[in-house]
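Taking it in order: structure first as C-alpha coordinates, then the write-up.
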Amino acid sequence: MNIKILAGVLASVSLGACALAPGPYLDNDRLDQTKIPQHSAERFVVRPIDVGYFRAERAAYKPATCLLTCLTQQTRRQYEYRVGIGDQLSIIVWDHPELTGTGFANAVTLPPLPAVGQSAGVNGTASAGAGGTTGPGATASGNGAAEGGLTVRVANNGTIFFPRVGRLRVTGRTAQQVQEMLARSLARTIRAPQIDVRVSGYNSQTVQVTGNLRNPTLESITDSPLTVLDAINRAGGALPDADLQNVGVTRDGRRYTVDVAALLETGDTQQNVLLQDGDIIDVPDRSNSRIFVLGEVMKPTSLPMNRGRLTLADAMTGAGSLDPKTGDPRYIYVIRGADKTLTPDVYRLDMTQVDALMLMTKFELQAKDVVYVQVASSARFNRALDQISPTLQTLFYTRELGR
(Lines give C-alpha, C1' and ligand atoms only; values in the text may rest on other atoms or scores of the structure.)
Protein backbone atom coordinates (compact mmCIF):
# COMPACT_ATOMS: atom_id res chain seq x y z
CA MET A 1 0.00 0.00 0.00
CA ASN A 2 2.85 2.33 0.80
CA ILE A 3 4.32 1.69 -2.64
CA LYS A 4 1.11 2.78 -4.36
CA ILE A 5 0.92 5.97 -2.31
CA LEU A 6 4.55 6.81 -3.02
CA ALA A 7 4.06 6.15 -6.74
CA GLY A 8 1.05 8.45 -6.77
CA VAL A 9 3.03 11.21 -5.08
CA LEU A 10 5.85 10.83 -7.60
CA ALA A 11 3.39 10.97 -10.50
CA SER A 12 1.86 14.17 -9.15
CA VAL A 13 5.27 15.73 -8.72
CA SER A 14 6.29 14.75 -12.24
CA LEU A 15 3.18 16.37 -13.72
CA GLY A 16 4.04 19.63 -12.02
CA ALA A 17 7.73 19.40 -12.74
CA CYS A 18 7.63 22.34 -15.13
CA ALA A 19 6.41 24.60 -12.37
CA LEU A 20 8.83 23.27 -9.75
CA ALA A 21 11.98 22.67 -11.77
CA PRO A 22 14.50 25.53 -12.15
CA GLY A 23 15.39 27.07 -15.51
CA PRO A 24 13.63 29.19 -18.17
CA TYR A 25 9.88 28.76 -18.30
CA LEU A 26 7.11 30.76 -20.02
CA ASP A 27 3.63 30.65 -18.51
CA ASN A 28 1.26 30.08 -21.45
CA ASP A 29 -1.96 30.30 -19.45
CA ARG A 30 -2.52 33.84 -20.80
CA LEU A 31 -1.76 32.95 -24.43
CA ASP A 32 -4.64 32.16 -26.75
CA GLN A 33 -3.34 29.73 -29.37
CA THR A 34 -6.67 28.31 -30.49
CA LYS A 35 -6.94 30.53 -33.58
CA ILE A 36 -3.61 29.57 -35.12
CA PRO A 37 -4.40 28.39 -38.68
CA GLN A 38 -3.39 24.84 -39.40
CA HIS A 39 -1.64 24.42 -42.75
CA SER A 40 -0.99 21.11 -44.37
CA ALA A 41 2.69 20.24 -44.47
CA GLU A 42 4.21 20.70 -47.91
CA ARG A 43 6.54 18.16 -49.45
CA PHE A 44 9.74 19.34 -51.11
CA VAL A 45 11.68 17.59 -53.83
CA VAL A 46 15.24 16.71 -52.80
CA ARG A 47 17.85 16.86 -55.54
CA PRO A 48 20.84 14.57 -54.99
CA ILE A 49 24.27 16.16 -55.38
CA ASP A 50 25.84 13.69 -57.79
CA VAL A 51 27.42 13.64 -61.22
CA GLY A 52 24.00 13.90 -62.86
CA TYR A 53 23.34 17.18 -61.02
CA PHE A 54 26.46 18.82 -62.43
CA ARG A 55 25.73 17.54 -65.92
CA ALA A 56 22.25 19.05 -65.78
CA GLU A 57 23.65 22.34 -64.47
CA ARG A 58 26.19 22.47 -67.27
CA ALA A 59 23.52 21.77 -69.89
CA ALA A 60 21.25 24.49 -68.48
CA TYR A 61 24.02 27.08 -68.19
CA LYS A 62 23.25 30.42 -69.82
CA PRO A 63 25.80 33.21 -70.24
CA ALA A 64 25.27 36.23 -68.03
CA THR A 65 23.42 39.16 -69.54
CA CYS A 66 23.90 42.82 -68.70
CA LEU A 67 20.98 44.15 -66.69
CA LEU A 68 21.68 47.70 -67.85
CA THR A 69 24.07 49.02 -70.51
CA CYS A 70 27.59 47.61 -70.20
CA LEU A 71 30.81 48.89 -71.71
CA THR A 72 31.77 47.06 -74.88
CA GLN A 73 33.70 48.06 -77.96
CA GLN A 74 30.45 49.04 -79.64
CA THR A 75 29.11 51.10 -76.74
CA ARG A 76 32.50 52.78 -76.39
CA ARG A 77 32.39 53.90 -80.03
CA GLN A 78 28.82 55.11 -79.66
CA TYR A 79 29.43 56.99 -76.40
CA GLU A 80 29.03 60.79 -76.60
CA TYR A 81 29.03 63.29 -73.78
CA ARG A 82 25.99 65.56 -73.69
CA VAL A 83 26.37 69.11 -72.40
CA GLY A 84 24.41 69.95 -69.26
CA ILE A 85 23.69 72.82 -66.90
CA GLY A 86 26.83 74.05 -65.14
CA ASP A 87 29.30 72.72 -67.71
CA GLN A 88 32.02 74.99 -69.06
CA LEU A 89 32.71 75.27 -72.79
CA SER A 90 35.89 76.62 -74.36
CA ILE A 91 35.21 78.17 -77.76
CA ILE A 92 37.79 79.36 -80.32
CA VAL A 93 36.98 81.23 -83.53
CA TRP A 94 40.16 81.25 -85.57
CA ASP A 95 41.34 84.58 -87.14
CA HIS A 96 38.81 86.50 -85.01
CA PRO A 97 40.41 87.40 -81.69
CA GLU A 98 37.69 89.99 -81.07
CA LEU A 99 35.29 87.10 -80.44
CA THR A 100 37.33 84.74 -78.28
CA GLY A 101 40.49 86.62 -77.36
CA THR A 102 42.69 84.42 -79.58
CA GLY A 103 44.05 84.75 -83.04
CA PHE A 104 45.84 82.82 -85.72
CA ALA A 105 49.57 83.34 -85.74
CA ASN A 106 51.65 83.25 -88.86
CA ALA A 107 53.07 79.89 -89.80
CA VAL A 108 56.48 80.60 -88.28
CA THR A 109 58.28 78.77 -85.52
CA LEU A 110 57.80 80.71 -82.29
CA PRO A 111 60.04 80.45 -79.25
CA PRO A 112 58.42 79.14 -76.09
CA LEU A 113 56.66 81.55 -73.79
CA PRO A 114 58.57 82.59 -70.67
CA ALA A 115 57.60 80.97 -67.42
CA VAL A 116 55.26 82.80 -65.09
CA GLY A 117 57.13 85.35 -63.02
CA GLN A 118 60.13 85.47 -65.38
CA SER A 119 61.00 88.36 -67.71
CA ALA A 120 61.53 87.65 -71.36
CA GLY A 121 65.11 88.06 -72.42
CA VAL A 122 66.52 88.65 -75.87
CA ASN A 123 66.82 84.93 -76.58
CA GLY A 124 63.55 84.00 -74.87
CA THR A 125 61.10 86.57 -76.14
CA ALA A 126 57.69 85.17 -77.08
CA SER A 127 56.36 87.11 -79.98
CA ALA A 128 53.73 86.51 -82.60
CA GLY A 129 54.70 87.16 -86.17
CA ALA A 130 53.69 90.23 -88.03
CA GLY A 131 49.95 90.46 -88.32
CA GLY A 132 49.27 87.72 -85.67
CA THR A 133 48.15 88.05 -82.09
CA THR A 134 47.74 85.76 -79.10
CA GLY A 135 44.89 86.58 -76.78
CA PRO A 136 44.67 86.20 -73.01
CA GLY A 137 45.24 82.69 -71.85
CA ALA A 138 46.33 81.49 -75.30
CA THR A 139 49.50 79.50 -75.94
CA ALA A 140 51.32 79.77 -79.25
CA SER A 141 52.40 76.44 -80.69
CA GLY A 142 55.07 75.55 -83.21
CA ASN A 143 52.63 75.10 -86.07
CA GLY A 144 51.20 78.59 -85.66
CA ALA A 145 47.94 77.58 -83.96
CA ALA A 146 46.81 79.24 -80.74
CA GLU A 147 45.17 77.25 -77.97
CA GLY A 148 42.74 78.66 -75.43
CA GLY A 149 39.60 80.57 -76.25
CA LEU A 150 36.56 82.03 -74.60
CA THR A 151 35.22 80.02 -71.67
CA VAL A 152 31.48 80.17 -71.13
CA ARG A 153 29.28 78.48 -68.57
CA VAL A 154 25.98 76.84 -69.37
CA ALA A 155 23.31 78.82 -67.53
CA ASN A 156 20.50 77.33 -65.47
CA ASN A 157 18.13 77.72 -68.41
CA GLY A 158 20.44 75.56 -70.55
CA THR A 159 21.83 78.33 -72.74
CA ILE A 160 25.14 80.09 -73.40
CA PHE A 161 25.81 83.60 -74.71
CA PHE A 162 28.25 84.15 -77.56
CA PRO A 163 29.12 87.44 -79.35
CA ARG A 164 27.27 88.08 -82.66
CA VAL A 165 25.10 85.04 -81.98
CA GLY A 166 23.27 85.74 -78.75
CA ARG A 167 21.91 82.95 -76.63
CA LEU A 168 21.90 79.36 -77.79
CA ARG A 169 20.34 76.36 -76.07
CA VAL A 170 23.08 73.74 -75.76
CA THR A 171 21.88 71.26 -73.12
CA GLY A 172 21.54 67.72 -74.38
CA ARG A 173 23.87 68.35 -77.32
CA THR A 174 27.42 67.17 -77.96
CA ALA A 175 30.37 69.52 -78.37
CA GLN A 176 30.35 68.85 -82.12
CA GLN A 177 26.67 69.79 -82.37
CA VAL A 178 27.33 73.03 -80.46
CA GLN A 179 30.19 73.74 -82.86
CA GLU A 180 27.91 73.25 -85.87
CA MET A 181 25.25 75.53 -84.35
CA LEU A 182 27.78 78.31 -83.79
CA ALA A 183 29.23 77.89 -87.28
CA ARG A 184 25.80 78.26 -88.89
CA SER A 185 25.02 81.35 -86.81
CA LEU A 186 28.38 83.06 -87.41
CA ALA A 187 28.25 82.32 -91.13
CA ARG A 188 25.84 85.25 -91.45
CA THR A 189 28.60 87.72 -90.56
CA ILE A 190 31.83 85.76 -91.04
CA ARG A 191 32.82 83.97 -94.18
CA ALA A 192 33.50 80.25 -93.57
CA PRO A 193 34.14 80.55 -89.81
CA GLN A 194 36.50 78.02 -88.30
CA ILE A 195 35.34 77.13 -84.80
CA ASP A 196 36.55 74.71 -82.16
CA VAL A 197 34.34 73.79 -79.18
CA ARG A 198 35.31 71.53 -76.32
CA VAL A 199 34.06 70.89 -72.80
CA SER A 200 36.59 72.21 -70.30
CA GLY A 201 34.54 71.74 -67.11
CA TYR A 202 32.35 68.72 -66.35
CA ASN A 203 29.94 69.84 -63.66
CA SER A 204 26.46 68.72 -64.72
CA GLN A 205 26.54 64.92 -64.44
CA THR A 206 27.67 63.04 -61.35
CA VAL A 207 27.36 59.63 -59.68
CA GLN A 208 27.53 58.89 -55.96
CA VAL A 209 29.98 56.16 -54.90
CA THR A 210 29.53 54.96 -51.33
CA GLY A 211 29.85 51.91 -49.10
CA ASN A 212 32.91 49.89 -48.08
CA LEU A 213 35.43 51.94 -50.04
CA ARG A 214 38.60 53.70 -49.02
CA ASN A 215 37.41 57.13 -50.19
CA PRO A 216 33.65 57.33 -50.89
CA THR A 217 33.15 60.27 -53.19
CA LEU A 218 31.08 62.04 -55.83
CA GLU A 219 32.38 61.25 -59.32
CA SER A 220 31.86 63.39 -62.39
CA ILE A 221 30.93 61.90 -65.76
CA THR A 222 33.23 63.15 -68.51
CA ASP A 223 33.76 62.52 -72.21
CA SER A 224 35.34 59.18 -71.27
CA PRO A 225 32.82 56.41 -70.41
CA LEU A 226 32.51 55.86 -66.66
CA THR A 227 31.83 52.28 -65.56
CA VAL A 228 31.11 50.79 -62.15
CA LEU A 229 34.66 49.41 -61.98
CA ASP A 230 36.12 52.85 -62.83
CA ALA A 231 34.01 54.45 -60.11
CA ILE A 232 35.21 51.97 -57.47
CA ASN A 233 38.84 52.46 -58.49
CA ARG A 234 38.52 56.26 -58.38
CA ALA A 235 37.11 55.93 -54.87
CA GLY A 236 40.35 54.29 -53.75
CA GLY A 237 39.25 50.70 -54.20
CA ALA A 238 37.22 48.39 -51.97
CA LEU A 239 38.01 47.54 -48.36
CA PRO A 240 38.98 43.97 -47.41
CA ASP A 241 35.51 43.13 -46.06
CA ALA A 242 33.65 44.51 -49.09
CA ASP A 243 31.22 42.23 -50.90
CA LEU A 244 32.08 42.81 -54.55
CA GLN A 245 29.66 40.13 -55.67
CA ASN A 246 26.64 42.22 -54.67
CA VAL A 247 27.57 45.77 -55.67
CA GLY A 248 24.43 47.83 -56.13
CA VAL A 249 23.67 50.32 -58.90
CA THR A 250 20.56 52.32 -58.05
CA ARG A 251 18.93 53.99 -61.04
CA ASP A 252 15.48 55.59 -61.17
CA GLY A 253 14.64 54.19 -57.75
CA ARG A 254 15.52 50.58 -58.56
CA ARG A 255 18.59 48.73 -57.32
CA TYR A 256 20.44 46.42 -59.70
CA THR A 257 22.99 43.90 -58.41
CA VAL A 258 26.33 43.83 -60.23
CA ASP A 259 28.91 41.07 -59.71
CA VAL A 260 32.15 43.03 -59.79
CA ALA A 261 33.99 39.99 -58.39
CA ALA A 262 33.17 38.05 -61.57
CA LEU A 263 34.43 40.99 -63.62
CA LEU A 264 37.76 40.95 -61.79
CA GLU A 265 38.23 37.18 -61.64
CA THR A 266 36.87 35.99 -64.99
CA GLY A 267 36.72 39.19 -67.04
CA ASP A 268 32.93 39.02 -67.39
CA THR A 269 32.24 42.23 -69.31
CA GLN A 270 28.50 41.77 -68.76
CA GLN A 271 29.05 43.13 -65.25
CA ASN A 272 30.87 46.35 -66.22
CA VAL A 273 27.83 48.64 -66.18
CA LEU A 274 28.08 52.00 -67.93
CA LEU A 275 27.00 54.66 -65.44
CA GLN A 276 24.61 57.54 -66.01
CA ASP A 277 23.89 60.83 -64.30
CA GLY A 278 22.30 60.32 -60.89
CA ASP A 279 23.39 56.70 -60.39
CA ILE A 280 24.23 55.57 -56.85
CA ILE A 281 26.86 52.85 -56.45
CA ASP A 282 26.93 51.13 -53.07
CA VAL A 283 29.46 48.49 -52.06
CA PRO A 284 28.08 46.48 -49.11
CA ASP A 285 30.04 44.49 -46.58
CA ARG A 286 29.95 40.70 -46.28
CA SER A 287 27.47 40.54 -43.40
CA ASN A 288 24.71 39.33 -45.75
CA SER A 289 27.01 37.03 -47.74
CA ARG A 290 27.33 34.17 -45.30
CA ILE A 291 26.09 30.61 -44.94
CA PHE A 292 25.00 28.63 -41.89
CA VAL A 293 26.17 25.15 -40.88
CA LEU A 294 23.85 23.41 -38.41
CA GLY A 295 22.99 19.95 -37.19
CA GLU A 296 25.39 17.20 -36.23
CA VAL A 297 28.70 18.98 -36.79
CA MET A 298 31.54 19.57 -34.39
CA LYS A 299 31.04 23.34 -34.32
CA PRO A 300 27.75 24.80 -35.66
CA THR A 301 28.63 28.19 -37.09
CA SER A 302 28.05 30.83 -39.77
CA LEU A 303 30.78 31.38 -42.35
CA PRO A 304 31.41 34.46 -44.53
CA MET A 305 31.83 33.91 -48.23
CA ASN A 306 35.19 34.71 -49.82
CA ARG A 307 34.51 37.15 -52.68
CA GLY A 308 31.07 35.65 -53.01
CA ARG A 309 32.32 32.08 -53.26
CA LEU A 310 32.19 29.15 -50.85
CA THR A 311 31.91 25.45 -51.59
CA LEU A 312 30.20 22.77 -49.55
CA ALA A 313 33.64 21.35 -48.68
CA ASP A 314 34.68 24.78 -47.32
CA ALA A 315 31.55 24.94 -45.18
CA MET A 316 32.01 21.48 -43.70
CA THR A 317 35.68 22.17 -43.00
CA GLY A 318 34.85 25.48 -41.34
CA ALA A 319 32.40 23.71 -39.01
CA GLY A 320 34.93 21.04 -38.07
CA SER A 321 33.26 18.37 -40.24
CA LEU A 322 30.38 16.19 -39.09
CA ASP A 323 30.27 14.69 -35.61
CA PRO A 324 31.43 11.07 -36.03
CA LYS A 325 29.35 9.95 -33.01
CA THR A 326 25.98 11.46 -33.94
CA GLY A 327 26.13 12.62 -37.59
CA ASP A 328 24.76 10.59 -40.47
CA PRO A 329 27.10 11.01 -43.48
CA ARG A 330 24.37 9.87 -45.89
CA TYR A 331 22.18 12.90 -45.22
CA ILE A 332 23.96 16.22 -45.65
CA TYR A 333 21.36 18.75 -46.78
CA VAL A 334 21.73 22.16 -48.43
CA ILE A 335 18.58 24.29 -48.05
CA ARG A 336 18.37 27.30 -50.36
CA GLY A 337 15.85 30.02 -51.12
CA ALA A 338 15.70 32.31 -48.07
CA ASP A 339 15.79 35.53 -50.12
CA LYS A 340 13.56 34.45 -52.99
CA THR A 341 10.48 32.51 -51.94
CA LEU A 342 9.11 30.58 -49.00
CA THR A 343 9.53 27.37 -50.98
CA PRO A 344 13.12 26.20 -50.49
CA ASP A 345 15.28 24.21 -52.85
CA VAL A 346 16.72 21.17 -51.06
CA TYR A 347 19.86 19.28 -52.08
CA ARG A 348 21.37 16.18 -50.46
CA LEU A 349 24.90 14.79 -50.48
CA ASP A 350 25.73 11.19 -49.58
CA MET A 351 29.28 11.18 -48.23
CA THR A 352 29.42 7.39 -48.22
CA GLN A 353 29.78 7.42 -52.01
CA VAL A 354 33.25 7.31 -53.51
CA ASP A 355 32.86 10.53 -55.53
CA ALA A 356 31.22 12.54 -52.73
CA LEU A 357 34.40 14.24 -51.53
CA MET A 358 35.18 15.49 -55.02
CA LEU A 359 31.60 16.71 -55.52
CA MET A 360 31.78 18.68 -52.27
CA THR A 361 34.55 20.82 -53.73
CA LYS A 362 32.47 21.50 -56.87
CA PHE A 363 29.16 22.42 -55.27
CA GLU A 364 29.03 26.22 -54.96
CA LEU A 365 26.96 27.62 -52.10
CA GLN A 366 24.96 30.81 -52.30
CA ALA A 367 24.44 33.54 -49.72
CA LYS A 368 22.25 32.49 -46.78
CA ASP A 369 22.30 28.80 -47.67
CA VAL A 370 21.77 26.46 -44.71
CA VAL A 371 23.91 23.32 -44.53
CA TYR A 372 22.31 20.75 -42.21
CA VAL A 373 23.79 17.40 -41.16
CA GLN A 374 21.14 14.86 -40.16
CA VAL A 375 21.36 12.98 -36.86
CA ALA A 376 22.00 9.25 -37.08
CA SER A 377 19.21 6.83 -36.07
CA SER A 378 21.39 5.28 -33.37
CA ALA A 379 22.06 8.71 -31.87
CA ARG A 380 18.32 9.43 -31.76
CA PHE A 381 17.73 6.13 -29.95
CA ASN A 382 20.45 6.90 -27.41
CA ARG A 383 18.97 10.35 -26.80
CA ALA A 384 15.55 8.80 -26.21
CA LEU A 385 17.12 6.51 -23.65
CA ASP A 386 18.74 9.50 -21.97
CA GLN A 387 15.31 11.11 -21.63
CA ILE A 388 13.59 8.13 -20.03
CA SER A 389 16.53 6.89 -17.94
CA PRO A 390 15.83 9.26 -14.99
CA THR A 391 12.22 8.05 -14.86
CA LEU A 392 13.24 4.40 -14.96
CA GLN A 393 15.80 5.00 -12.25
CA THR A 394 13.20 6.72 -10.07
CA LEU A 395 10.76 3.82 -10.43
CA PHE A 396 13.51 1.31 -9.70
CA TYR A 397 14.66 3.02 -6.51
CA THR A 398 11.04 3.51 -5.42
CA ARG A 399 10.45 -0.20 -5.74
CA GLU A 400 13.62 -0.99 -3.82
CA LEU A 401 12.65 1.36 -1.01
CA GLY A 402 9.25 -0.30 -0.70
CA ARG A 403 10.70 -3.71 -0.04
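The values are calculated or read from the model by the stated rules, or taken from the named source; none is laboratory data. All of these numbers come straight from a predicted model, not from anything done at the bench. FYI the Cβ positions are ideal-geometry reconstructions off the backbone, even for glycines, and counts take in every protein chain you see.
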(Q) Please verify whether THR189 is out of contact with any helix residue (DSSP H, G or I) (no Cβ under 7 Å at 6 or more places or on another chain), at pLDDT below 95, surrounded by fewer than 18 Cβ atoms within 10 Å (Cβ to Cβ) and in a loop (DSSP other than H, G, I, E, B), treating the condition exactly as stated. (A) yes
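Counting only residues that are under 28 Å from GLY320 (Cβ atoms), give me the strands (runs of 3 or more DSSP E) lying completely in the stretch 198-309 with at least 2 of them.
290-295, 301-304
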**Q.** Every residue from the stretch 148-175 that is over 14 Å from VAL199 (Cα atoms) and not charged (D, E, K, R)
**A.** ALA155, ASN156, ASN157, GLY158, THR159, PHE161, PHE162, PRO163, VAL165, GLY166, LEU168
Q: Select from the stretch 299-335 the residues that are touching a strand residue (DSSP E or B) at 6+ places or on another chain (Cβ under 9 Å) and within 20 Å of GLU265 (Cα to Cα) and write down the one among them that is surrounded by the most Cβ atoms within 10 Å (Cβ to Cβ).
A: MET305
Q. From the list GLY172, GLY166, which one is farther than 29 Å from GLY308 by Cα and touching a Lys or Arg at 6+ places or on another chain (Cβ under 9 Å)?
A. GLY172
**Q.** Scope the stretch 209-230; condition crowded, with 17+ Cβ neighbours inside 10 Å and over 20 Å from GLN78 (Cβ atoms); matching residues
**A.** VAL209, GLY211, ASN212, LEU213, GLU219
Q | In the stretch 354-382, residue surrounded by the most Cβ atoms within 10 Å (Cβ to Cβ) [restricted to those that are of a type in the set (Lys, Arg) and modelled with pLDDT under 90] | A | LYS368
Q) If we scan the stretch 343-351, do we find a residue that is without any contact (Cβ under 8 Å) to a residue 24 or more places away in the chain, of a type outside the set (A, V, I, L, M) and not assigned by TED's automatic domain parsing to the domain that holds ASP243? A) no
Q: Mind telling me which of the residues TYR53, TYR81 ends up being surrounded by 14 or more Cβ atoms within 10 Å (Cβ to Cβ), within 30 Å of LEU150 (Cα to Cα), of a type outside the set (Asp, Glu) and at pLDDT 85 or above?
A: TYR81
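Each row is one residue, and each column tells you yes or no for (1) under 30 Å from ALA192 (Cα atoms); (2) surrounded by fewer than 10 Cβ atoms within 10 Å (Cβ to Cβ); (3) assigned by TED's automatic domain parsing to the domain that holds LEU349; (4) modelled with pLDDT of 80 or more.
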| position | (1), (2), (3), (4) |
| --- | --- |
| ALA19 | no, yes, no, no |
| PHE44 | no, no, no, yes |
| PRO48 | no, no, no, yes |
| GLU57 | no, no, no, yes |
| PRO63 | no, yes, no, no |
| CYS70 | no, no, no, yes |
| GLN74 | no, yes, no, yes |
| ASP95 | yes, no, no, yes |
